[in-house]
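Engineer: Pasting a structure here, questions to come.
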Amino acid sequence: MRIAVMKENHPGEQRIPLIPATAEKLVKLGAELVVEAGLGQSCRFEDADYEKAGATVAASRRELLQSADMVLRLRKPPKDEIELMRQGCIHVSYLDPFNEAELVELLRRAGISAVSLEMIPRSTLAQKMDVLSSQANIAGYATVLLAAEHLDKIFPMMTTPAGTIKPARVFVIGVGVAGLQAIATAKRLGAVVEAFDTRPVVEEQVKSLGAKFVKIDLGETGQTKDGYAKALTPEQLALQKEGMAKACARADVVITTAQLFGRRAPRVIDRNMLAGMRPGSLVIDMAVESGGNVEGSELDKIIEFDGVRVLGFGNLPGRFAETASEMYSANLGSFVDHFWDKKAKTFHLNRNDEIIKGALITHDGEIVSEMYKSIISK
């Protein structure tokens, strides 16, 4: 089976989909692995490193796509490259399917079996393939370092000849993977940390990291079977904002991580809440790429409102490209290995498997994902 790995050409993207160590594992499975020339350069891997791992290096992107039985990459494919892939090819990457209906339709028409890695179920078995969690870990870490860089005061408490310096206060909104990593990193830097989530079940996790869980009585809330927070009613959102405004007012740094799977990120901080914050404080909107949690945040910009700066940087994992690439590559390698038929030396697209059922969007000229069809039809 010929597996092609494509070099990323998205502006500013430094991450890569496959490192040589994972390439070697795929070759040992029996795959004919071909990587695009220059694949690993942004992370300082040379073509020779992939050749040493047993892969072949190809200079022609077009020929690589046309000859592949399976295509692996990081970001979604450019639309003009879909027609180059042959019918029946298995394509594995991020797809952002709910915001890319036209792309999904092109994949369907081309007869591509398109796997969206974001759609892999969050189960124990699939944990080793969970690219969302691995990249969210890096993003949560990155937000705190960004805050430490841009804040006009230090994070830890210090006793100095000039007196005792109070620690910075950090408020994290949303306690998923990214939020938990942000809490842990801020605590390691010496900040006083508070956190809030609509799911009361995460309170214990927050406390285990040494942070305080901010309790806001919203009535009945919960999470989906995949661990995502359920959407709130307008009444619940109003109560949430009232409670969060108080926590924001006493914070030096607010980090928002709230996202809803397949939908626009919820607006959790408005201008009134920003107005109640101390001048010099920061808000970091981790959801800026999916619509933003903060009113007025803009992608890859720092916007100031009455002395409060709102940071809306995208691709946070890409700030630590080498580590993020190692983790993504391991997830990708685990996905291929899990469904690899070692006797036939080919990838078995098992339509009856729960992981494939969750992640496969298009196959054999049809849209096959029930979740995609149910959400896109609303």
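The values are calculated or read from the model by the stated rules, or taken from the named source; none is laboratory data. On a predicted model such as this, the values are computed, not experimentally measured, just so you know. We place every Cβ from the backbone using ideal geometry, glycine too, and count neighbours over all the protein chains shown. Surface accessibility is based on the protein's heavy atoms, side chains included, excluding ligands, DNA and RNA. Shrake-Rupley method; radii C 1.70, N 1.55, O 1.52, S 1.80 Å.
Engineer: Restricting to Cα atoms and excluding each atom paired with itself, what does the Kirkwood estimate give for the stretch 152-286 in Å? Kindly include the intermediate steps, with their values, before the conclusion.
Structural biologist: Details: mean 1/r = 0.0647 Å⁻¹.
It is 15.4 Å.
Engineer: Moving on to the next point. On C-alpha positions alone, give me the angle between the axis of helix 177-188 and the longest principal axis of the chain, in degrees, nearest 10.
Structural biologist: 50
Engineer: Which percent of the accessible heavy-atom area of the chain goes to carbon and sulfur, probe 1.4 angstrom?
Structural biologist: 50
Engineer: Would you mind calculating the relative contact order of the stretch 124-188 from Cα pairs under 8 angstrom and at least 6 residues apart, reporting the percent as a whole number? Kindly include the intermediate steps, with their values, before the conclusion.
Structural biologist: Numbers: 51 pairs, mean separation 24.8, N = 65.
Computed value for the stretch 124-188: 38 percent relative contact order.
Engineer: Further, regarding this structure: Using helices alone, I'd like the mean residue ellipticity at 222 nm for the chain: each DSSP H run of four-plus residues gives -39500 (n - 2.57), total over residue count, nearest 500. Can you show the working numbers first?
Structural biologist: On the way: 13 runs with 126 residues, N = 378.
Dividing the helical sum by the residues of the chain leaves -9500 deg cm²/dmol.
Engineer: Which loop-located GluC sites (Glu not before Pro) does the stretch 139-226 contain, where loop means any DSSP state but H, G, I, E or B and the Cβ has at most 16 other Cβ atoms within 10 Å? Spell out each step's value before the answer.
Structural biologist: On the way: sites: Glu149, Glu194, Glu203, Glu204, Glu220; in loops: Glu220.
Listed in order of number, the matching sites are Glu220.
Engineer: Tell me the volume per residue, in Å³, of the convex hull enclosing the alpha carbons of the stretch 105-166. Mind showing how you got there, number by number?
Structural biologist: On the way: hull volume 9.0 nm³, N = 62.
Cα-based convex hull of the stretch 105-166, divided per residue, equals 146 Å³.
Engineer: Now for a different question. Could you check the simple spin-label distance between Ala101 and Lys373, using points 7 Å along Cα→Cβ, in nm with one decimal?
Structural biologist: Distance between the two pseudo-spin positions: 1.6 nm.
Engineer: In addition: Kirkwood hydrodynamic radius for the chain: how many Å is it when counted over pairs of different Cα atoms?
Structural biologist: Details: mean 1/r = 0.0453 Å⁻¹.
Computed over the chain, the radius equals 22.1 Å.
Engineer: Of the residues Thr22, Thr256, Thr124, which exhibits the maximal mean-square fluctuation in a Gaussian network model of the chain defined by a 10 Å Cα contact cut-off?
Structural biologist: Fluctuation is largest for Thr124.
Engineer: Please report how far the C-alpha centroid of the stretch 343-374 lies from that of the stretch 1-61, rounded to the nearest whole angstrom.
Structural biologist: Centre-to-centre distance over Cα atoms comes out at 25 Å.
Engineer: For the stretch 47-120, run through the trypsin sites (Lys or Arg not before Pro) and keep only the ones in DSSP coil with at most 14 other Cβ atoms within 10 Å of their Cβ.
Structural biologist: Arg86
Engineer: Moving to a separate point now. Please find, in a Gaussian network model of the chain (springs between Cα atoms separated by less than 10 Å), the residue of Phe305, Phe347, Phe213 whose mean-square fluctuation is greatest.
Structural biologist: Comparing Phe305, Phe347, Phe213 in a Gaussian network model of the chain, the most mobile one is Phe305.
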